[in-house]
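Participant: Supplied in structure tokens, the structure appears directly below.
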Amino acid sequence: DILPTVSLYVRRVIKFCKSIPAFKSLNSADQLAILKPFYFDVYMVRSNFMCNNTSGDFPTIENETGNQALSVQRAQIHKQFKNQQLSSEMTRFHGELHAVLEADYTIRDLMIGILLFKWRANIIVHLELVRYHHSLYCRLLHRYLMHKYKNTALANKKYCKVIRVTERFERIFDVIKL
């Protein structure tokens, strides 16, 4: 039951990416280079966004009808890590990510845009285009936070927190792969 839903989720992520004109304008090699690490990023953002922080439930995957097909407890996921330090790091990361998302769809979507266009210098052929869209999503996030909080200091602080969390994705993913 789980494999078809994971496959469906991968297809949804690809369909989502292909709906973004900037992504479609990249060649297929660049698209693939962006998609490989992005799947982990978007999965983490979406699952944390939907997480019930009180119970620790992650409604992780939906089936074709939109019904929840898989739900797990955060503690169950972290027990799977053999390394206790990694388990603790993941718990902290989930907490930070959940806090910066604030159950705000706009912050979630802009963070996903930032993560989609984070560049990998040695891999991307059209690096300038990817950097441009990354900076564009960063500026959009900052403008949104300025509008939301109507306080420059508070908006800047929140923006820095979101950016710090997006920068941690790659380090977390590298540790998990080990």
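Participant: Can you find a residue in the range 138-150 that is part of a loop (DSSP other than H, G, I, E, B), farther than 18 Å from V42 by Cα and open to solvent by less than 70 Å² (accessible area, probe 1.4 Å)?
Facilitator: The answer is no, given that none of the residues of the range 138-150 is part of a loop (DSSP other than H, G, I, E, B), farther than 18 Å from V42 by Cα and open to solvent by less than 70 Å² (accessible area, probe 1.4 Å).
Participant: Now for a different question. Under 7 Å by Cβ, and 6 or more places apart or on different chains, what pairs join a residue from the range 29-51 that is over 19 Å from E102 (Cβ atoms) with one that is surrounded by 19 or more Cβ atoms within 10 Å (Cβ to Cβ) and aromatic (F, W, Y)?
Facilitator: Between residues of the range 29-51 that are over 19 Å from E102 (Cβ atoms) and residues that are surrounded by 19 or more Cβ atoms within 10 Å (Cβ to Cβ) and aromatic (F, W, Y), the close pairs are Q31/F23.
The values are calculated or read from the model by the stated rules, or taken from the named source; none is laboratory data. This structure is a prediction, so every number in the text was calculated from the model and none was measured. Ideal geometry is used to build each Cβ from the backbone, glycine not excepted, and the neighbour counts take in all protein chains shown. We work out accessible area using only protein heavy atoms, side chains counted, and drop any ligands, DNA or RNA first. Shrake-Rupley method; radii C 1.70, N 1.55, O 1.52, S 1.80 Å.
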